[in-house]
Structure formats: C-alpha cells, structure tokens
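Input: a single structure, listed below in structure tokens.
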Amino acid sequence: MLSTSMATSDVGINEQQPSRSRVEPSSTQELYAFRIAHFTAHAFIAPSERVVSSFGARSERGALLVSLTDENGCTGWGEVWCGMPAAGALHRFNLLREFVAPALVGCHVTDISSVIGHLQAALMPLITLAGEPGPVSQVLAGVDCALWDLRARIAGQPLFKLLGSRTNTMRCYASGLAPDMPAAGLDALRSQGHRAFKFKAGFDDAKTLTSILDQGSRLAPSERMMVDANCGWTMDEALDAVAELNQISLEWIEEPMSPHRSEDDWERLARASVAPLAGGENLLSEGAFREACRWLGVIQPDVAKWGGVSSCHPMGVGTENAGRLFCPHSFGTHIAAATSAHVLAATGGRGYAEIDVNPNPLRDSSSYASWIDDGFLRLPTTPGIGVVPHLARIDCFLRDRFELSYGGRSR
C-alpha cells in the first residue's frame, strides 16, 4: 500500500516528479489551491442492449465514478475508463481504494500535474510487477479529471474557461452506430440535433462495408460520416476495406488496425486512404502519440483512459498547432463526455465531440442532449464540467462504494 505520509504534504511544488505538461500558470495554481478532505468512488455494472463490434458482443455497461471534496464542501467529479469488460470497473475500484485514495486524502493541491506525477511514481510497482499500465493509467486519468473539475468549481468557472478558452461551442457526432442502422434510427438522431454519424466496422465485412456504403449514399450533403473499425482489420483486410471506403466521403477512418502494427504498415495504409486515419484511445504515452502523429490525421486520446485533463489539453493544443484534428475519444457516461468536451473547447473547438448514443442505463443519471443543436454541442457556463451524476437514479446498479475522509475515517 502507498505510504500515507504523502497525504499531509504539499505535493504541488516537488521538483523531483516525473515531467508532465503544465496547463495552468503558477498564479492560478496558488489562487485555487485546495486540500482534499473526502475521496469517494462508486462502481456500477448495468445490463444494457446488445452492442456488436469487432471486439465481440456485449450486453452490459460498467462505470467507475470518482468524487473529490475539499475542506469547504466543494466537490469535483471524474470518470475512470472501464469500457470492456464491464467488470473491469471493480478491479479499478480496488486500485483506487487500496492505493490511490490513502495517498490523496488530506493532500494540499497546487499543481495538479505534479500530484498525478507523485501518484504515478507510487503506483510504478503495479506497472512493473503486475504488468498493469492500462488500469493504472485509467485510474490516474479519472482522478486527474476530478481534480480539474474541483478546481474549476472552486474558481467558479466552467472548466473550458479555466483552461483559457473563450468558446463553449464545437461540432459533435453520434457515435457507436450499427452499420445497418435503419433510416428511422438515423432520423431519430437527427431530431436530437445530430448531423454527423460514426458507424462501426471491422467485422463481417461482406455485409458491414456494403451497409456503410449505403449509409454514405443516403446522408444529406451537409451531414458528415466517420467509420470506426475498432482495430478489427489485418493489414490486407484494411487495404481492401479502404479501397471500398474511398468511394464515399468520410471525415476519418478510425483504428483500422491494432496500434501495435508496424510503422511501415500504418504509413502504407495512410497513403492508400483518401480519408485521414484516426486513433489514440489505445495509446498510453506521449511518445506513442508523437510516433503515431506521423500517420494519423486525427488524434483521439481519451481523458478517462490516459492523461486526464493535464496531458490531453496540451496535447490537443499541440495537435491543432500542427495542423491535425483533435477529436478526443469518449465512450462512457456523461461525466467523461462532458470533461472531454471541455478539453476540446479549450483547444479551440475545431474538432468533434464524441457522443455515445448507445443505450446506457448508467448515463440516464443526467443528460447533455439539451446541449446539442444542428450538429453543434454548446457547453453550459456553470462552474466545473457542468454536470453531476444523480446517483439515486442508478443506485440499483451499484456494485461497490467506498469513502475515505481526512483523518482516516472510511466507510
């Protein structure tokens, strides 16, 4: 277990921490410093309608929500990615309870990125000995997001404004669509304000690609379309699929292959595709993103999976400055989606916000549907990320919960 001596230290000024991108000036850090008095985590698993992708079929959704409260009772929320399997929420929950919360409660926070750097160093045995870089990355990302939401609420500002943006409006798209979605389904999404749609691919290509080509032919001239293969193609399959998809206009082709394919494979596929290639949700380091930028035209880190706000925001700024499109990935509840949208807004908002429109009982605790109009998402200007979970509505799906308070009280 982590040493709890860190819990009463000012971890925002230690100069020996791992290097991380800074996203706020020191004056802001000091002005909105806070001490964490309570750490709470909620793990949920809920049955859901069956969704099919190249990863297989799934009929349940998981969610792991983190709340951090300061000494004045202000609370910020973050979400830890646990998309597949849904039971992964319980494993990451245990990492929070055993390793992260004891080190964080009582901590005086100035520089958020340094706090996360301390936690990452303390969790290194799990990465090295247990071989778990993914779960560690995800719990740190969720905590980072909660810290930023808390800071913005303390500041009385929406997160996008705290990060330096003046715009709260961006394009958005409906994500996770079945390739054979009937026309009535698309019309329903249009009635909700969507004008861009991302369809699943990478499985049963004989039917899937035909359906996607048909969907593309039926979109209005003002509408946009994306394809996500979820790493489902081999190199040869990807080349064949791209040759077919070149017949229609696409904003991007997402994760056509595994990120572990060779540089030569990726560069060859990028040359063969008319649409830019997109990816990033399965990359876990700045070095991996820098390398992938050589063949990706659309960069898609997930704030709940890697880096949180502290790393994804500066990456988004750098991506836009390099002339590429920054479209952060999000496929969970409204907590991660709202955080992701704030980060996108703070980069200038040129990209698209991803909106998971698949049925998810855990997302019914709140809604951002009222924010969408004619293909654009407009964030609220209330403090923080603008949403909180209505836990009572999803309490029937609760699998575990813990709270740790300053002074060691837990329940």
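We did not get these values from a lab; they are worked out from the coordinates using the rules stated. Keep in mind it's a predicted model, so treat the numbers as computed, not measured. Neighbour counts are summed over all protein chains in view; Cβ atoms, including those assigned to glycine, are modelled from backbone coordinates with ideal geometry.
Give the lysines reachable from residue 305 as a straight Cα distance under 24 Å; neighbours fewer than 8 places away on the same chain don't count.
161, 198, 200
Testing the spin-label approximation: label points 7 Å from Cα along Cα→Cβ at residue 243 and residue 122. State their distance in nm.
Once both label points are built, they end up 5.5 nm from each other.
Give a residue-ordered list of calculated ³J(HN,Hα) values for the range 271-287 (Karplus: 6.51 cos²θ - 1.76 cosθ + 1.60, θ = phi - 60°; whole Hz; x for Gly, Pro).
5, 7, 9, 6, 7, x, 8, 10, x, x, 5, 10, 9, 10, 7, 4, x
Is the range 96-190 best put as rounded, prolate or oblate by its Cα gyration tensor, with a ≥ b ≥ c the root eigenvalues, rounded for a/c under 1.5, and otherwise prolate when a/b is larger than b/c, oblate when not?
Details: a/c = 3.38, a/b = 1.48, b/c = 2.29.
Oblate, because a/c is 1.5 or more while a/b does not exceed b/c.
Give the span of the chain's Cα atoms along each principal axis, as three whole-Å numbers ordered largest to smallest.
Reported extents, whole Å, longest axis first: 62, 44, 40.
If you take the square roots of the eigenvalues of the alpha-carbon gyration tensor of the range 159-267 and sort them as a ≥ b ≥ c, do you get rounded (a/c under 1.5), prolate (a/b over b/c) or oblate? Mind dumping the intermediate values first?
Numbers: a/c = 2.36, a/b = 1.23, b/c = 1.91.
Oblate shape, in that a/c is at least 1.5 and b/c is the bigger or equal ratio.
If you stretched the chain out fully between residue 166 and residue 187, how much longer would it get, using 0.36 nm times the residue separation minus the C-alpha to C-alpha distance? Working shown, then result.
On the way: separation 21, 0.36 × 21 = 7.56 nm, distance 3.26 nm.
Length gained between residue 166 and residue 187: 4.3 nm.
At a 10 angstrom cut-off on C-beta neighbours, averaged per residue, how do the peptides 139-151, 238-250 rank from highest to lowest? Before the final figure, lay out each step's value.
Numbers: 139-151: 28.6, 238-250: 17.9.
In descending order of packing, they fall as 139-151, 238-250.
When the helices in the chain are scored as -39500 (n - 2.57) per DSSP H run of 4 or longer and the sum is shared across all residues, what 222 nm value do you end up with, to the nearest 500 deg cm²/dmol? List each step's numbers first, then the result.
Values: 15 runs with 143 residues, N = 411.
Calculated at 222 nm, the ellipticity per residue is -10000 deg cm²/dmol.
Once you have the Cα-Cα distance between residue 369 and residue 87, take 0.36 nm times their residue separation minus that, and quote the gain in nm to one decimal.
Working: separation 282, 0.36 × 282 = 101.52 nm, distance 2.73 nm.
In short, 98.8 nm is gained.
Once amide H atoms are placed 1.01 Å from N in the peptide plane, what residues at a sequence separation of 5 or more from residue 61, or on another chain, have their amide H within under 5 Å of its amide H?
Here the answer is 46, 48, since their amide H atoms fall under 5 Å of that of residue 61.
For residue 260 paired with residue 210, estimate the spin-label separation in nm (one decimal), with each label point 7 Å from Cα along the Cα-to-Cβ line.
My value for the distance between the label points is 3.3 nm.
Using a 10 Å cut-off on Cβ atoms, rank the peptides 40-47, 261-268, 63-70 from the highest mean neighbour count down.
On the way: 40-47: 22.2, 261-268: 14.6, 63-70: 25.6.
Those peptides, ordered most packed to least, come out 63-70, 40-47, 261-268.
So for the pair residue 382, residue 290, with labels modelled 7 Å out along Cα→Cβ, what separation do we get in nm?
Going by the 7 Å Cα→Cβ label model, 4.1 nm.
Does the range 292-411 come out rounded, prolate or oblate by the C-alpha gyration tensor, with a ≥ b ≥ c the root eigenvalues, rounded set by a/c under 1.5 and, if not, prolate when a/b is larger than b/c and oblate if not? Don't jump to the answer; show the numbers that get you there.
Working: a/c = 2.13, a/b = 1.55, b/c = 1.37.
Prolate.
How large is the convex hull of the C-alpha atoms of the range 161-378 per residue, in Å³? Present the calculation step by step, with values, prior to reporting the outcome.
Working: hull volume 25.5 nm³, N = 218.
Enclosed volume per residue, from the Cα hull, is 117 Å³.
Quick one: 3J(HN,Hα) in Hz for the range 337-345, Karplus 6.51/-1.76/1.60 with θ = phi - 60°, rounded, Gly and Pro as x.
Once θ is set to phi - 60°, the couplings for the range 337-345 become 4, 5, 4, 4, 5, 5, 5, 4, 4 Hz.
Students often check this: by mean Cβ neighbours within 10 Å, which of 218-230, 328-340, 192-204 ranks highest, and how do the rest follow? Walk me through the numbers on the way to the answer.
Working: 218-230: 17.4, 328-340: 28.7, 192-204: 21.3.
Ranked from most to least packed, the peptides come out as 328-340, 192-204, 218-230.
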